[in-house]
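Below is one structure; the comments refer to it alone.
The values are calculated or read from the model by the stated rules, or taken from the named source; none is laboratory data. If you're wondering where the values come from, they're calculated on a predicted model, not measured in any experiment. Note that we place each Cβ from the backbone using ideal geometry, even for glycine, and neighbour counts take in every protein chain shown.
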């Protein structure tokens, strides 16, 4: 997942397309399309649902541009974030997770 996403949203949309289109336009497109892909099929399309993906997309774009368009570094950051999410999912007891969901809902 993260490697394909980084290849498409960072390497192709920013690295390759920025040869013909302004770099910052490519960066914005990358962030917005990355977030849109992650919320497709969800019941609600609110800013609250979209915000975490916009933020992650922005971080990944920043890392990619900051490292001189190094797709492997942005891949490492993306994969690390996903690994951390999986660890938290399995580390948090179901009762605590239910309580957190009740507080948010």
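Scanning the range 26-72 for residues that are at pLDDT below 95, farther than 15 Å from residue 5 by Cα and either in a helix (DSSP H, G or I) or in contact with a strand residue (DSSP E or B) (Cβ under 9 Å, 6 or more places away or on another chain) (or both) yields 47, 48, 49, 50, 51, 52.
State the number of residues belonging to the range 30-48 that are within 21 Å of residue 79 (Cα to Cα) and in contact with a helix residue (DSSP H, G or I) (Cβ under 7 Å, 6 or more places away or on another chain). Number of matching residues: 7.
Any residue at all in the range 15-25 that's in contact (Cβ under 8 Å) with a residue 12 or more places away in the chain, in contact with a helix residue (DSSP H, G or I) (Cβ under 6 Å, 6 or more places away or on another chain) and either within 18 Å of residue 2 (Cα to Cα) or surrounded by 17 or more Cβ atoms within 10 Å (Cβ to Cβ) (or both)? Checked the range 15-25: no residue is in contact (Cβ under 8 Å) with a residue 12 or more places away in the chain, in contact with a helix residue (DSSP H, G or I) (Cβ under 6 Å, 6 or more places away or on another chain) and either within 18 Å of residue 2 (Cα to Cα) or surrounded by 17 or more Cβ atoms within 10 Å (Cβ to Cβ) (or both).
Okay, residues lined up against (1) loosely packed, with under 10 Cβ neighbours inside 10 Å; (2) over 21 Å from the mean Cα position of the chain (by Cα); (3) free of Cβ contacts under 8 Å to residues at least 40 places away in the same chain:
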site	(1), (2), (3)
59	no, no, yes
67	no, no, yes
70	no, no, yes
73	no, no, yes
76	no, no, yes
79	no, no, no
87	no, no, yes
91	yes, yes, yes
103	yes, yes, yes
